[in-house]
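Peer 1: Okay, here's the structure, questions in a sec.
The values are calculated or read from the model by the stated rules, or taken from the named source; none is laboratory data. Everything quoted here is computed from the prediction, not taken from an experiment. Heads up, the Cβs are rebuilt from the backbone with ideal geometry, glycines too, and the neighbour counts pull from every protein chain shown.
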Amino acid sequence: MINKLHLENILFLDIETVPEVQHFSELNGTKQALWDTKSKYQRKDDYTAEEFYERAGIWAEFGKIVCISVGYFNIQNDLKRFRVTSFYGDEIAILKDFKNLLATHFNQTKHLLCAHNGKEFDFPYIARRMIIHNIELPPKLNLFGKKPWEVPHLDTLELWKFGDYKTYTSLKLLTNVLGIPSPKDDIDGSEVCRVFYEENDIDRIITYCEKDTIAVAQIFLRLRGDDLLTDDDIMHI
């Protein structure tokens with residue numbers, strides 16, 4: 001049961017991704033053809049491969065990570081604090097900094113990673129981008145040979161499903177039904193590409209990513225029946 005887990009042992013996270021280059025025309029001919037094939041099922045005949053390229057960020061083979069935000073609990077004398085920080089800039093640096101965090105502070109068997117839809121998106125995306133950049137996977141992301149109960153990952157979407165795999169519940173919907181202040185008060189995922197490439201506003205993306213990370217932690221607290229975090233409980237570092 002999740003109530004038996006120690007909050008201090010969980011690293012909550014969210015990632016923001018964009019297409020690897022701004023324009024489809026910047027890809028070489030081989031990559032354009034591969035994107036055409038990869039995206040054909042999703043776009044059907046409604047869009048050309050070039051028109052659909054703005055969505056390329058959701059595939060690790062055609063996108064890149066521009067921000068990883070993480071949050072963790074610090075509990076002393078029944079005083080609960082949630083610390084949030086972000087890695088951003090060059091993707092290789094982001095991945096290495098995140099890996100270093102895992103190696104120095106979340107490297108024991110008791111430590112877990114938690115994200116919303118993390119098992120389908122965040123965790124495999126980070127792992128794939130590390131491999132693409134020839135970065136050795138940290139143990140928390142290296143799942144080869146692990147049995148399901150040995151995987152050190154929590155997923156608030158999976159927890160909310162209670163075994164029902166027919167539907168997807170977005171972070172925005174889940175925070176709404178659980179009475180959690182919505183983190184989606186500025187941009188949404190579909191706008192990250194534009195904000196990154198056209199507005200060059202990484203600070204706005206960081207704020208958005210950190211709010212999502214906080215929302216994941218809040219959902220986890222609600223699923224446990226714990227009190228929610230207040231603004232005074234959250235520290236940005």
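Peer 1: Any chance region 132-144 includes a residue that's outside any loop (DSSP other than H, G, I, E, B), out of contact with any strand residue (DSSP E or B) (no Cβ under 7 Å at 6 or more places or on another chain), over 22 Å from Glu210 (Cβ atoms) and at pLDDT 95 or above?
Peer 2: Yes: region 132-144 contains one or more residues that are outside any loop (DSSP other than H, G, I, E, B), out of contact with any strand residue (DSSP E or B) (no Cβ under 7 Å at 6 or more places or on another chain), over 22 Å from Glu210 (Cβ atoms) and at pLDDT 95 or above.
Peer 1: The conditions are (1) surrounded by fewer than 16 Cβ atoms within 10 Å (Cβ to Cβ); (2) touching a helix residue (DSSP H, G or I) at 6+ places or on another chain (Cβ under 9 Å); (3) at pLDDT 95 or above; (4) aliphatic (A, V, I, L, M), and Ala103 fails exactly one of them. Which is it?
Peer 2: Ala103 satisfies every listed condition except (2).
Peer 1: Turning to a different aspect of this structure: Which one is surrounded by the fewest Cβ atoms within 10 Å (Cβ to Cβ), of the residues in region 145-164 that are assigned to a helix (DSSP H, G or I) and of a type in the set (Phe, Trp, Tyr)? Quick ask: steps written out before the conclusion?
Peer 2: Step one: filter region 145-164 for residues assigned to a helix (DSSP H, G or I), giving 148-150, 156-161.
Still in the list and also of a type in the set (Phe, Trp, Tyr): 149, 160.
On the way: Trp149: 5, Trp160: 18.
The residue in question is Trp149.
Peer 1: Looking only at region 183-220, count every residue that is in a helix (DSSP H, G or I) and on the phi > 0 side of the Ramachandran plot and tell me the total. Full working, then the answer.
Peer 2: Initially, region 183-220 is screened for residues in a helix (DSSP H, G or I), giving 189-197, 202-220.
If we keep only those that are on the phi > 0 side of the Ramachandran plot as well, we get none.
Counting residues in region 183-220 that are in a helix (DSSP H, G or I) and on the phi > 0 side of the Ramachandran plot gives 0.
Peer 1: While we're looking at this one, here's another question. Restricting to region 175-225, name every residue that is of a type in the set (A, V, I, L, M, F, W, C), free of Cβ contacts under 8 Å to residues at least 60 places away in the same chain, in contact with a helix residue (DSSP H, G or I) (Cβ under 6 Å, 6 or more places away or on another chain) and over 19 Å from Arg81 (Cα atoms).
Peer 2: Leu178, Ile187, Val195
Peer 1: Something else about it: Just checking, how many residues over region 43-53 are assigned to a helix (DSSP H, G or I) and either in contact with an Asp or Glu (Cβ under 9 Å, 6 or more places away or on another chain) or small (Gly, Ala, Ser) (or both)?
Peer 2: Of the residues in region 43-53, the ones assigned to a helix (DSSP H, G or I) are 43, 53.
Next, only the ones that are either in contact with an Asp or Glu (Cβ under 9 Å, 6 or more places away or on another chain) or small (Gly, Ala, Ser) (or both) stay: 43.
Count: 1.
Peer 1: Here's another thing I want to ask about it. Counting only residues that are of a type outside the set (A, V, I, L, M, F, W, C) and touching a strand residue (DSSP E or B) at 6+ places or on another chain (Cβ under 9 Å), which one in region 145-160 is nearest to Leu221 (Cα to Cα)?
Peer 2: The selected residue is Thr156.
Peer 1: Taking the conditions exactly as written (part of a helix (DSSP H, G or I), small (Gly, Ala, Ser), under 17 Å from Ile15 (Cα atoms) and touching a residue at least 12 places away in the same chain (Cβ under 8 Å)), does Ala56 satisfy them or not?
Peer 2: It is true that Ala56 is part of a helix (DSSP H, G or I), small (Gly, Ala, Ser), under 17 Å from Ile15 (Cα atoms) and touching a residue at least 12 places away in the same chain (Cβ under 8 Å).
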